[in-house]
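Here is the structure we will look at.
The values are calculated or read from the model by the stated rules, or taken from the named source; none is laboratory data. Because the structure is a prediction, the values reported are computed rather than measured. So basically every Cβ, Gly included, is an ideal-geometry build from the backbone, and we count neighbours across all protein chains shown. In case anyone asks, the SASA skips ligands and DNA or RNA and just uses the protein heavy atoms, side chains included. Shrake-Rupley method; radii C 1.70, N 1.55, O 1.52, S 1.80 Å.
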Amino acid sequence: MQGKDSGVIVIMAKGGVGNNSEYDLVIVGAGPVGLSCGIEAQRRKLSCLILEKGCLTDAIFHFPKHMAFFSTPELLEIGEVPFVISTGKPTRQDALNYYRRVTVSYNLNVQLFERVLQIGKREGCFEITSEKMKYRAQAVVLALGFYDHPNLLNIPGEDLPKVSHYYTEPHSFYKRRVAIIGGKNSAVEAALELYRYGAEVTLIHRQSEIGQSVKYWILPDILNRIQEGSIRALLNARVTRISPEEIFVQNGSGEAQALPNDFVFALTGYHPDYDFLRSMGIAIDEESGRPQHNPATFETNVPGLYIAGCLAAGKDANKIFIENGRLHAKDIVQDISGKREHED
């Protein structure tokens with residue numbers, strides 16, 4: 001049900017502590033893909049609970065504050081709720097407002113700030129243990145995303161306070177010497193924004209050129225800033241060590257140099273929580289990083305346990321986004337519902 005207090009909308013879950021703890025379906029993750037699965041479950045009259053370790057659409061909430069999506073709004077829509085904005089490209093804030101509105105519109109049963117610790121199967125039913133209680137479900141969908149698990153550099157100094165794997169906003173870096181490690185969209189966009197806010201930016205990329213996957217309207221911008229010397233680019237290079245005052249960079253010929261440095265953004269991508277997936281019995285292809293699953297239904301090698309969204313892409317994170325990941329929901333819930341009807 002919905003409650004209101006001083007004009008603030010509160011999402012009240014129908015399951016949870018002191019209430020029902022058995023469901024047809026439990027979804028882990030309240031991002032756009034997890035919410036899409038919840039909407040489809042509701043349409044098929046399946047009792048459903050969505051568990052989320054953080055806030056609603058937690059990954060989007062932690063995106064850079066001024067970020068704009070590559071996609072147009074209609075490609076981010078879920079549940080046939082129109083995503084209407086006044087500009088061409090939706091921003092992070094537009095998306096947060098939209099997915100909150102969808103959640104309220106469908107009165108989705110969402111439990112926020114409740115991390116799932118363990119999922120096991122017993123007597124044909126899944127047991128989901130969270131930080132707060134235990135639930136039982138006939139089927140489970142994992143819509144976890146990547147964003148909590150950065151690809152580490154595994155170099156000395158990576159754990160220093162001045163190193164972050166997440167970029168937020170530029171203001172505090174005015175007149176600071178900032179190194180950005182990476183050469184794809186997130187790294188390039190951070191480099192450009194920091195430069196425009198007055199940071200001294202060095203972009204360090206292990207490849208010989210900036211990634212061709214960079215958004216087409218941004219690629220000329222970064223190349224021009226590098227050519228004119230506004231942003232320093234060290235290509236075919238890697239950081240070998242980070243100290244409180246410097247970073248140490250080695251180029252392709254093996255020569256190393258120390259650069260004065262105040263802060264490092266290591267924007268080298270993210271990966272699924274493989275340990276968590278394996279703990280449930282899901283087989284992982286070591287080369288691709290993809291969990292074993294039926295590409296038509298997204299059911300894993302564990303019957304009744306499904307993956308949704310970018311988890312299905314494994315290491316190739318550029319293959320599945322909100323735009324196509326949201327479409328997994330219908331296939332997944334149709335398969336779950338069909339099995340339920342067959343059992344009945």
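Kindly indicate whether any position in the stretch 304-314 is open to solvent by 10 Å² or more (accessible area, probe 1.4 Å), touching a Gly at 6+ places or on another chain (Cβ under 7 Å) and on the phi < 0 side of the Ramachandran plot.
yes
Mind counting the residues in the stretch 291-303 that are surrounded by fewer than 19 Cβ atoms within 10 Å (Cβ to Cβ) and either closer than 30 Å to THR72 by Cβ or polar (S, T, N, Q) (or both)?
6
Hey, could you check the stretch 329-344 for residues that are open to solvent by less than 20 Å² (accessible area, probe 1.4 Å) and modelled with pLDDT of 95 or more and say which is nearest to the chain's Cα centre (by Cα)? Don't jump to the end; show me each part of the working.
Step one: of the stretch 329-344, the residues open to solvent by less than 20 Å² (accessible area, probe 1.4 Å) are 329, 332-333, 336-337.
Those left that are additionally modelled with pLDDT of 95 or more: 329, 332-333, 336.
On the way: ALA329: 17, ILE332: 20, VAL333: 22, ILE336: 25 Å.
If we take residues in the stretch 329-344 being open to solvent by less than 20 Å² (accessible area, probe 1.4 Å) and modelled with pLDDT of 95 or more, then ALA329 is nearest to the chain's Cα centre (by Cα).
When the residues of the stretch 315-327 are filtered to those that are within 16 Å of VAL141 (Cα to Cα) and in a loop (DSSP other than H, G, I, E, B), which remaining residue is most open to solvent (accessible area, probe 1.4 Å)?
LEU327
Considering each of THR87, THR57 in turn, give the residue that is at pLDDT below 95 and not charged (D, E, K, R). Talk me through it step by step, then tell me what you get.
Values: THR57 fails: at pLDDT below 95.
Of THR87, THR57, the one residue that is at pLDDT below 95 and not charged (D, E, K, R) is THR87.
Starting from the stretch 186-207, take each residue that is closer than 19 Å to PHE63 by Cα and list its partners that are part of a helix (DSSP H, G or I) and open to solvent by 70 Å² or more (accessible area, probe 1.4 Å), counting only C-beta distances under 7 angstrom and pairs at least six apart or across chains.
TYR197/HIS171
Before we move on, is GLN227 open to solvent by 50 Å² or more (accessible area, probe 1.4 Å), more than 19 Å from LEU152 (Cβ to Cβ) and in a strand (DSSP E or B)?
no
Sort through ILE210, ILE204, ILE247 and tell me the only one that's farther than 30 Å from GLN292 by Cα, under 25 Å from the mean Cα position of the chain (by Cα) and modelled with pLDDT of 95 or more.
After applying the criteria, what remains is ILE204.
Which of the residues belonging to the stretch 274-303 are out of contact with any strand residue (DSSP E or B) (no Cβ under 9 Å at 6 or more places or on another chain), within 16 Å of VAL28 (Cα to Cα) and assigned to a loop (DSSP other than H, G, I, E, B)?
Of everything in the stretch 274-303, nothing turns out to be out of contact with any strand residue (DSSP E or B) (no Cβ under 9 Å at 6 or more places or on another chain), within 16 Å of VAL28 (Cα to Cα) and assigned to a loop (DSSP other than H, G, I, E, B).
Take the residues of the stretch 31-90 that are closer than 30 Å to GLN118 by Cα and β-branched (Val, Ile, Thr): which is surrounded by the most Cβ atoms within 10 Å (Cβ to Cβ)?
Top of the filtered list is VAL33.
Let's see how each residue does on (1) closer than 24 Å to LYS184 by Cα; (2) touching a Leu at 6+ places or on another chain (Cβ under 7 Å):
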position: GLU245; (1), (2): no, no
position: GLN250; (1), (2): yes, no
position: GLY254; (1), (2): yes, no
position: PRO260; (1), (2): yes, no
position: ALA266; (1), (2): yes, yes
position: GLY269; (1), (2): yes, no
position: ILE284; (1), (2): no, yes
position: PRO291; (1), (2): no, yes
position: VAL302; (1), (2): no, no
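Which of the residues belonging to the stretch 266-288 are surrounded by fewer than 16 Cβ atoms within 10 Å (Cβ to Cβ) and aromatic (Phe, Trp, Tyr)?
TYR274
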